[in-house]
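Below is one structure, written out as structure tokens; comments come after it.
The values are calculated or read from the model by the stated rules, or taken from the named source; none is laboratory data. Bear in mind that the values here come from a model prediction, so they are computed numbers and not experimental data. In this analysis, Cβ positions are derived from the backbone assuming ideal geometry, glycine residues included, and neighbour counts consider all displayed protein chains. In case anyone asks, the SASA skips ligands and DNA or RNA and just uses the protein heavy atoms, side chains included. Shrake-Rupley method; radii C 1.70, N 1.55, O 1.52, S 1.80 Å.
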Amino acid sequence: MRFSSSDPYTGVGLSPAVKAVRYDENAGFMYLEVTQGEDESARYDVAISWPDRRLVDVVASWVGNWGMGIDALLRVATDTFPDMSSDDIDRTVDFLLAQLSKPQALRWWFAPDLIANTDVEKTEDHLWVVRTKAPLCHLESMSRLYCAPLVIGDVSDGAVLSRFAFVRRDGDKTVLENPELFVKLVFGGDGAALLPVVFSGGTAQSDLPNQTVFWHFLWRCGFLEVPQQEAPDRKCWGFHEQLFHSHTRGFLGPRTVGVTYRFRDEVPSPPAHKPPMSADKIPLTRPDADGEQGSPFYQVLDARKSVRTCGESPLTLDDVGNFLWRTVATRATFQGGGQELISRSVPAGGSIHELEFYLVINRCEDLVPGIYHYRGSDHALYLLPDRANIRNALLATANGSMGVTEPMPDCVIVMATRLLRLGWKYEGLPYRLSLLHAGVVMEAFYLVATEMGLSPCATGGGDSALFALATGIAMSDETSIAEFVLNGRKSSAQDNGL
């Protein structure tokens, strides 16, 4: 069976969080009124880059229901743009759906009871006929980067379920999730009939009118892959690594991440120190702060603190240069085991040093605000194309992880992993190694910043989607795994660290 841009059982609608849709004549954009969290009264506007008033009423008709079938949407678009070719209609509708996907406002669905040839009609309120009955399954995006294509073509020969996909229970629903794409397919009460098709390669017997169409729906949504076409940089990602990465990084998904104290009312917090595990106590000596052991190094260890506010003065370019030279500058490059290896002040497994460092600069003397890549081999910064909105979002995310709002930090250092560097040699633990390496670097950052009188603070959260948008690098090639805030020198009275 060949597939065009649509199929008879697939449709699109809006997320339940979208409460209204309007077109602003002055701004020339579509706007969505969206609720924030569970508070229905907390609403905000999201601009959609759709500059044509036409089709806005169609999208508005999807509020509070399941939207309409793709066939019906294409028919509406054809009536709306009568001078366009079918290919241009596909591109126009695809652009509209892509724009709705960016704020995670769009959801695709599959319903075999959808009649492909239903005429598109208007009610007295000029709203198009839409679907009110729940489909068998629907997509929920967990990332602004996810967008299912309208035009994708036939399922490739040899396509199978993605090795990253898995099924789990989520409340009273069954979910097929793909952490590589940050999307999940939620099955309704009758959707269990689709699961045999999922795991049989589209060949299982079922009651579906056309199970091949559902297999194509999975292809469109990114749940299928062709193993023979897998790139090396993707091969090095294990299932557990991809799942752990997606569930411990911020992707603007519905998951709760951060401080919740969710067990406060259930169990007491475990004590900071375990009870003695035996009666055999062996006291150890302590360094004398006034003696030889009270060296500057130990004083630095004792003085290390997380400082969550900006320093009295901003960073300087000399500060940045000295700081990076002492921590992650390349000391030497050499060959070993058929691989190019690196020597830095900080250790790394196999001397591979897969971590890259990006500086999100907000305030630094002699350095314009922007996002920079640090090249350790020549100890230089390289300015990336500036995207002020993404830069500000990265700075705000760091502040949020520290539990502060204003002012924005002077600098956020983003650590990204080129996992294939490790995966080329190691199997089953590259991602874990990268996290260990990031922790090693964080401690070095802390100690050097403390010795220099700067204001350091590691953060516990980050947004890899923002990093991908900032750099244009595919997540499988290189993705952010840790962030570190570096501010200028703190005043003598400033002491808000732990």
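The gain in end-to-end length when the Thr132 to Asn65 segment is fully stretched comes to 23.6 nm, 0.36 nm per residue minus the alpha carbon separation. Put a dot 7 Å past the Cα of Gln339, heading toward its Cβ, do the same for Val440, and the two dots end up 1.2 nm apart.
Please list, in order, the residues from the stretch 94-109 whose amide nitrogen is less than 13 Å from a point placed 7 Å along the Cα→Cβ vector of Arg54. Output list for this probe position: empty.
As a fraction of the 1.4 Å probe accessible area of the stretch 355-498, surface on carbon and sulfur atoms comes out at 55 percent.
Answer rounded, prolate or oblate for the stretch 415-474, using the Cα gyration tensor with square roots of eigenvalues a ≥ b ≥ c: rounded when a/c is under 1.5, else prolate when a/b is larger than b/c, else oblate.
Oblate, because a/c is 1.5 or more while a/b does not exceed b/c.
Label point of Ala231 set 7 angstrom out along Cα-Cβ; within the stretch 409-437, amide nitrogens under 13 Å from it belong to 419-420.
Under 5 Å between amide hydrogens, built in the peptide plane, is the criterion, and for Lys19 it picks out Glu33, Val34, Thr35 among residues at least 5 positions away or on other chains. A cut-off of 5 Å between modelled amide H atoms, ignoring neighbours fewer than 5 places along the same chain, links Cys137 with Phe110, Gly188. Once the chain from Gln299 to Asn26 is taken as fully extended at 0.36 nm per residue, the excess over their C-alpha distance is 92.2 nm.
For the stretch 336-413, the relative contact order comes to 26 percent (Cα pairs under 8 Å, sequence separation of at least 6).
If the chain linking Asp87 and Asp170 were pulled fully straight, counting 0.36 nm for each residue of separation and taking away their Cα-Cα distance, it would gain 26.0 nm.
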